[in-house]
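The values are calculated or read from the model by the stated rules, or taken from the named source; none is laboratory data. Since we're looking at a predicted model, the values are computed, not measured. A quick note on method: Cβ atoms are made from the backbone with ideal geometry, for glycine too, and the neighbour counts reach across all protein chains shown. Ligands, DNA and RNA are excluded from the accessible area calculation, which covers all protein heavy atoms including side chains. Shrake-Rupley method; radii C 1.70, N 1.55, O 1.52, S 1.80 Å.
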Amino acid sequence: MPIITLCELLYTKITNENKIQMNQSKENLKKQEFLQVILRNAYRLYQLTQDILDVTKIESQILRLNKELIQLDEIIENIVNDYKDNTNRKRYDSDKEIGIIYEPIKDPIFVNVDKARIIQVLSNILGNALKFTKGGNISISFKKINENKEVIVTIKDSGTGIDPGIYPRLFTKFATKSEEGTGLGLYISKSIVEAHGGQIWAENNSDGRGATFYFTLPIGKSCDIK
């Protein structure tokens, strides 16, 4: 974290200096490029350590949830805003022209969840979508199902889709063909969703472009908080 924090501060400082001087020298551009490389790899190392810690907690059955009653659209908006932040986009190594389509529904849906953990699930799925999508859009939506007892969140991309060799074990440990990923994110996401009483699954899109991930969560009520 100190490496990430200091690199971000230095990157911001150089960027602001360029704005003030109204000129980007080749030297400063090189500095920014080097800092981006450091940041990308620092984020990957940080994520790897967090994933290993989470897997240890899951397998030791000591994963704890700090639940609170919150609006689901607030969680999703946090993720969308995080993506739109240019600094945070560097986590995904994404300078590609990819848009996120998200329109919150009029009636708010409350869920009794561990906010940080559900953000983690959404970040894992969105991160994968960004990694395997070269261009186009990623859409996020949600709606009530099962007589308003559950909410289903849908994340659809226009990327390469799920590799047939990976598909049968998609949510198991180390299920990846990417040289950058660890194959732990979806395993952790599945454990988190199931710990909340929900389900998670995925499928390739019928038009042959990209994949769609789904997960469900029980709809919460004020009396659910103890």
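If you count the DSSP beta bridges with both ends in the chain, what percent of them are antiparallel, to the nearest 5?
In the chain, DSSP labels about 85 percent of beta bridges as antiparallel.
List the GluC sites (Glu not before Pro) within the range 97-175 that fall in a DSSP loop (any state other than H, G, I, E or B) and whose Cβ has at most 13 other Cβ atoms within 10 Å.
Here the GluC sites (Glu not before Pro) that fit, given the DSSP loop and packing criteria, are E97, E147.
Find how much the distance from S25 to I152 grows on full extension, using 0.36 nm per residue of separation minus their present alpha carbon separation; answer in nm with one decimal.
Difference between extended and current length: 40.8 nm.
Suppose a student asked you for the relative contact order of the range 102-226, using Cα pairs under 8 Å spaced at least 6 residues apart; what percent would you report?
30 percent
How much length is gained if the chain between N78 and E59 is pulled fully straight, taking 0.36 nm per residue apart and subtracting their Cα-Cα distance, in nm to one decimal?
3.9 nm
Averaged per residue, what accessible area in Å² does the chain show with a 1.4 Å probe, protein chains only?
Each residue of the chain exposes 58 Å² on average to a 1.4 Å probe.
In nm, to one decimal, how far is the modelled label at R40 from the one at T12, with both set 7 Å along Cα→Cβ?
2.3 nm
Can you give me the % of accessible surface on the chain that is carbon or sulfur? Probe 1.4 Å, all protein chains present, nothing else counted.
52 percent
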